[in-house]
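Report on the structure given below.
Bear in mind these aren't lab numbers, they're just calculated from the coordinates by the rules spelled out. This structure is a prediction, so every number in the text was calculated from the model and none was measured. When we count neighbours, we look across all protein chains shown, and the Cβ atoms used for this are built from the backbone with ideal geometry, even at glycine.
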Amino acid sequence: MCYTGIRTNRLLARNILMLLFCTSAVHAQNSQNNITLTALNTGFILNSVASIETQQTRANAFQIAVNSRNSANFSIRARVSSSTSSTGTPFPASMLALRLNTTNPPVTANLNTITLSTTDQLLQQITSTKNNITFNYDLLLAPVGYSYAPGNYNFTILFTMTQP
């Protein structure tokens with residue numbers, strides 16, 4: 001069936017979606033490891049046909065600063081730990097992905113786009129330099145399409161730093 005532009009506009013007006021993430025700075029440490037997360041630009045407002053039908057990106061959405069005082073390797077992982085929606089039907093975690101944008105200082109790092117899930121996904125495996133390393137990650141949202149009702153959709157992403 002073919003819809004006219006007027007029909008598409010009405011459909012669009014009813015399909016405004018907004019994704020929100022808890023945005024705050026989080027700091028954790030033990031005697032050997034230190035990780036600080038700052039969420040900078042994590043919300044999406046989908047209010048046009050183009051925004052619903054194409055991948056959305058928030059550049060430098062998360063800044064992760066890590067330091068390991070131990071000389072062992074360490075890994076950084078992320079997962080969607082919870083999701084809610086005003087419609088009662090949350091988006092699947094796999095709609096979200098992270099992509100490394102920059103590091104400071106420059107280090108050999110995984111530049112692949114990592115699709116999130118409800119289980120830990122390896123972002124980085126780093127050999128300790130005993131110095132602070134800052135990773136800036138882009139947040140990507142897969143095309144939402146017209147399958148989800150208009151509403152607010154919230155995700156909590158848990159970042160962890162571990163040593164073998």
Using the Karplus curve 6.51 cos²θ - 1.76 cosθ + 1.60 with θ = phi - 60°, what ³J(HN,Hα) values do you get for each residue of the stretch 77-86, in whole Hz, with x for Gly and Pro? 10, 9, 7, 7, 8, 6, 8, 9, 8, 6
Amide H within-cut-off set for residue 117, under 5 Å, with H built and near neighbours excluded: 80
Provide the per-residue ³J(HN,Hα) series for the stretch 103-115, in order, calculated from phi with Karplus coefficients 6.51, -1.76, 1.60 and θ = phi - 60°, each as a whole number of Hz, with x at glycine and proline positions. 10, 9, x, x, 9, 5, 9, 6, 9, 5, 6, 10, 6
Count the net charge of all other residues whose Cβ sits under 14 Å from the Cβ of residue 123, scoring Lys and Arg as +1 and Asp and Glu as -1. +1
Alpha carbon centre of the stretch 66-106 versus the stretch 133-164: separation in Å? 7 Å
Quote the relative contact order of the stretch 68-164 in percent (integer), defining contacts as alpha-carbon pairs under 8 Å separated by 6+ residues. 49 percent
Computed label-point distance, nm, for sites residue 104 and residue 156 using a 7 Å Cα→Cβ extension: 3.0 nm
Pop a pseudo-label 7 angstrom from the Cα along the beta-carbon direction at both residue 163 and residue 119 and give the gap in nm to one decimal. 2.7 nm
